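Colleague: Here it is, the structure in full.
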Amino acid sequence: MELETRTFDHPDARRLIAALQQVYVHRYGSDDATPIEGSEFVAPRGIFVVGYLDGTAIACGGWRAHDPGPEFAEGDAEIKRMYVVPAARGRGLSRVVLAELERRAVAAGRRRLVLETGIRLPEAIGLYVSSGYSEIPRFGVYRDNPSSRCFGKLLAVAAQRAR
């Protein structure tokens with residue numbers, strides 16, 4: 001799989017995000033309600049990638065920086081819109097996208113990645129836990145939603161600085 005940086009509103013990104021939103025509709029009854037601006041996924045404060053296999057867009061994901069505040073620490077970035085089309089699942093491609101997002105976050109000086117997912121997405125929870133993410137307090141529009149789960153991972157750049 002080839003990963004390419006794309007804008008959040010690139011046609012391939014939009015198609016994949018629309019398919020992901022349908023997963024949310026199927027499993028939760030509605031789209032993800034998290035407010036998102038495409039401009040949040042532009043370097044250096046964000047990134048969005050699309051994965052291509054034989055020229056076909058099959059995976060995506062991005063991160064956006066957050067300023068310090070009640071829910072976020074200095075250097076935090078939030079993963080959003082991680083998705084792999086059903087026909088391409090089971091090949092470890094979500095791990096490839098996640099590793100690339102982590103790599104680019106480190107390169108941008110981010111210290112920690114955080115994310116929100118839900119209990120009806122056990123495959124996502126499994127991916128994040130097996131990739132070193134730990135559960136953190138819920139944040140954002142889902143902070144009071146008992147079916148929401150939030151995770152975070154201290155990135156290598158932060159771990160190296162702490163030594």
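The values are calculated or read from the model by the stated rules, or taken from the named source; none is laboratory data. These numbers come from a predicted model, not from an experiment. We place every Cβ from the backbone using ideal geometry, glycine too, and count neighbours over all the protein chains shown.
Colleague: State yes or no: is Ala73 within 12 Å of the chain's Cα centre (by Cα), under 16 Å from Cys150 (Cα atoms) and modelled with pLDDT of 95 or more?
Modeller: So Ala73 fails the test.
Colleague: Within the range 1-80, considering only strands (runs of 3 or more DSSP E) that don't extend past its boundaries, which have at least 2 residues that are without any contact (Cβ under 8 Å) to a residue 40 or more places away in the chain and surrounded by 13 or more Cβ atoms within 10 Å (Cβ to Cβ)?
Modeller: none
Colleague: Also, quick follow-up: Do we find that Ala105 is within 14 Å of the chain's Cα centre (by Cα) and crowded, with 19+ Cβ neighbours inside 10 Å in this structure?
Modeller: Here the answer is yes, as Ala105 does meet what is asked.
Colleague: Counting only residues that are of a type in the set (D, E, K, R), closer than 22 Å to Phe72 by Cβ and in contact (Cβ under 8 Å) with a residue 60 or more places away in the chain, how many does the range 101-137 have?
Modeller: 1
Colleague: How about the range 28-60: which of its residues are in contact with a Leu (Cβ under 7 Å, 6 or more places away or on another chain) and under 17 Å from Glu116 (Cα atoms)?
Modeller: Within the range 28-60, Cys60 is the sole residue that qualifies.
Colleague: Return yes or no: is Ser130 at pLDDT below 95, surrounded by fewer than 16 Cβ atoms within 10 Å (Cβ to Cβ), farther than 21 Å from Ser39 by Cβ and over 12 Å from the mean Cα position of the chain (by Cα)?
Modeller: Here the answer is no, as Ser130 does not meet what is asked.
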